[in-house]
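The values are calculated or read from the model by the stated rules, or taken from the named source; none is laboratory data. Given the structure is predicted, the values throughout are model-derived calculations rather than measurements. Here Cβ is always computed from backbone atoms with ideal geometry, including for glycine, and neighbour counts include all displayed protein chains.
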Amino acid sequence: MLALALSLLNLYLQRRDRRPRLKIRVRYEYRVGDPTSQHDREDGALPRIHYDSQEGLYLRLGDFLREYDLAYPSGTPLVRFSLSNEGERDIYLSNIWLTLQAGKGLFRERLVLNPVEDRIISPELAGATSNLLHFESNGGRTVELIPGGSAGYKLELVRLANTLKQEGYTGNTHITLEAADRIGNTYRARFEVNTDLWAYPKE
């Protein structure tokens, strides 16, 4: 019986290891986009800071700007996503969405943030334009991630916060990044955008 149990356990572990495994990491970043700054001329790297939370990034921003003698906003606050294949099989991503839950209790509705039109609407109305793969200018093509491979995506916090605010969301809003592969698996990572920190009136 023990040998049978061990055999079944090994079979389960082997099958689990062969399943697609996508890990999504989220971090917040502020990167200076001025290529003429003294720091860039010296070592070729754009000064930047990053943090695991938007609050941590915001609190460190003042010291960072003073360190490089910068006037805000001379750079861009971003939320960055790293999608890495940590399994043994290739993963073919077909869709990446930003989703929100509207309403309460049993009447919650799944909505998507459309980065092309800066709107929050139903997935049916958004169509292909809500797919971040399309937004990232690769024409919506499937992205292949080999074992150990990764892909990165970034969105401007100010733009996200402005969209949320104009759609009636205020304060800290929970958003989910959903990535789907072409065989039907969905991978999720939740992050937050605070309109009190990042929303600015459009000129």
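Structure summary
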item: Members of the range 82-128 that are out of contact with any helix residue (DSSP H, G or I) (no Cβ under 9 Å at 6 or more places or on another chain) and buried (at least 21 other Cβ atoms within 10 Å of the Cβ); result: Leu83, Asn85, Ile91
item: Evaluation of Thr173 against (1) over 30 Å from Leu61 (Cβ atoms); (2) out of contact with any Ser or Thr (no Cβ under 6 Å at 6 or more places or on another chain) (one fails), failing number; result: (1)
item: Candidates Glu124, Glu136, filtered to the one that is under 28 Å from Tyr30 (Cα atoms), at pLDDT below 95 and acidic (Asp, Glu); result: Glu136
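Yes or no, residue by residue, for (1) under 21 Å from Ser82 (Cα atoms); (2) modelled with pLDDT of 85 or more; (3) polar (S, T, N, Q):
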| residue | (1), (2), (3) |
| --- | --- |
| Leu106 | no, no, no |
| Ile120 | no, yes, no |
| Gly148 | yes, yes, no |
| Gln166 | no, yes, yes |
| Asn172 | no, yes, yes |
| Arg188 | yes, yes, no |
